[in-house]
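Sharing a structure, written as structure tokens. Questions coming.
The values are calculated or read from the model by the stated rules, or taken from the named source; none is laboratory data. A quick note: this is a predicted structure, and the numbers were derived from the prediction, not measured. Cβ atoms come from the backbone with ideal geometry, glycine included; neighbour counts cover every protein chain shown.
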Amino acid sequence: MALAFDTDLIGTADRMDAIVAAFAEASAPAFVTREGTGTDPRVRMDVWHTGPAELFRGQMAGIRLRRTATQISRESSPMFALAVQQAGYARHEQHGRQRVIAPGDLLATDLNSPYDYVFTDAGVAQALHVPLDSVDLGYGLLRRACVTAAENPLRGVLAQHINEVSPASRAVGPLVADQLGTATIELVRAFVLTASDRPQARDALAGTLGVRVHGYVRQHLRDPTLTPQSIARAHSVSVRQLYKVTAELHDGGLAHWITTQRLAGAHHELADPNCRHRSIAMIARSWGFVSAPHFSRRFRRAYGMTPREWRELSDTVEREPGPG
């Protein structure tokens, strides 16, 4: 995650111009005006990437964003936005629909249609900016998904995923983070497809169970209570159905895949110089292994050496001088 913008670092006289420029770069060009009396406009933006999508967290107060048809005709957007209200309230109007966005609500915004988005008081929203071509389902269907977002049966699943994907992507290595980004796009595609009247829309939720399980497991890899039973409960399916779906995706089954992902995370941290202050047992526990001997056995079976031997080897390579 990277801090992209913070009005606290900008003088009052230049603040509004800076906010306009920041939103144009982070999302799409829009008119930005002060909202409310006696409220200094404040904005903080944090941005990070998860696969092809971009995650944006905005803390805002006293701000109104209005994107017009003229702006859209001048510069269309290659993205659409899915946001979860994390704190405070906002007002949103698009396609003739007005909504008050409360904490926990999912908001879908078509960046290629006019909208009005208002934060009178302090609020926080976390948004996923999704490339249109990554979803590849046609603009008409995307627009319908935005209009019907509040009634979409996948809104709760997607909102939870957007809330949790940022800490998850920071907690795992680059390879797993890219896989998490791919799972995120597939879940977004299911969300959009569910808004369709097409026959395959009836199967969209069931068809994405494997993707949703992938995302859920990656987000909870460090939780020692993660089990097939807890995963099945979180997705309202039987353990038998869960095993059937995951058996089609992973050789060795779900439990083996979870252990493999946890071992990969621990393997990375044991070689990380920034983690040298942490004991092997601490790292093992942080990746969901409650028994140090069990972790050591599984690690040796996977990598051909003990965790201690791997750490010592990594330290030796780190200290070796380069050529010349």
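I'm trying to understand the selection: among the residues of region 6-49, which are more than 25 Å from Arg74 (Cα to Cα), in contact (Cβ under 8 Å) with a residue 40 or more places away in the chain and not aliphatic (A, V, I, L, M)?
Once the filter is applied, which keeps residues that are more than 25 Å from Arg74 (Cα to Cα), in contact (Cβ under 8 Å) with a residue 40 or more places away in the chain and not aliphatic (A, V, I, L, M), region 6-49 yields Glu35, Gly36, Thr39, Arg42, Arg44, Asp46, Trp48, His49.
Pick out the one residue from Asp116, Asp110 that is in the same structural domain as Val217 (by TED's automatic domain parsing) and in contact with a helix residue (DSSP H, G or I) (Cβ under 6 Å, 6 or more places away or on another chain).
Answer to the selection: Asp110.
Can you confirm whether Val124 is over 24 Å from Asp6 (Cα atoms), assigned by TED's automatic domain parsing to the domain that holds Thr68 and not in a loop (DSSP other than H, G, I, E, B)?
no
Return the residues of region 28-77 that are among the polar types (S, T, N, Q) and closer than 13 Å to Asp6 by Cα; say none if nothing qualifies.
Within region 28-77, Gln59 is the sole residue that qualifies.
With modelled with pLDDT under 85, farther than 17 Å from Leu128 by Cβ and either within 22 Å of the chain's Cα centre (by Cα) or not assigned by TED's automatic domain parsing to the domain that holds Ser296 (or both) as the only criterion, which of Asp197, Asp223 stands out?
Asp197
Of all residues in region 89-103 being part of a loop (DSSP other than H, G, I, E, B) and over 20 Å from the mean Cα position of the chain (by Cα), which is surrounded by the most Cβ atoms within 10 Å (Cβ to Cβ)?
Of everything passing the filter in region 89-103, Tyr89 is surrounded by the most Cβ atoms within 10 Å (Cβ to Cβ).
Would you say Ile280 is surrounded by 17 or more Cβ atoms within 10 Å (Cβ to Cβ), of a type in the set (Val, Ile, Thr) and outside the structural domain of Arg308 (by TED's automatic domain parsing)?
no
May I ask you to verify whether Leu82 is closer than 19 Å to Ala26 by Cα, crowded, with 19+ Cβ neighbours inside 10 Å, in contact with a helix residue (DSSP H, G or I) (Cβ under 8 Å, 6 or more places away or on another chain) and in contact (Cβ under 8 Å) with a residue 60 or more places away in the chain?
yes
In this structure, does Ala30 turn out to be touching a Leu at 6+ places or on another chain (Cβ under 6 Å) and crowded, with 17+ Cβ neighbours inside 10 Å?
Yes; evaluated as a whole, the condition is true for this residue.
On to the next question. Restricting the search to region 282-294, which residues are under 11 Å from Ala266 (Cβ atoms) and aliphatic (A, V, I, L, M)?
Met282, Ile283, Ala284
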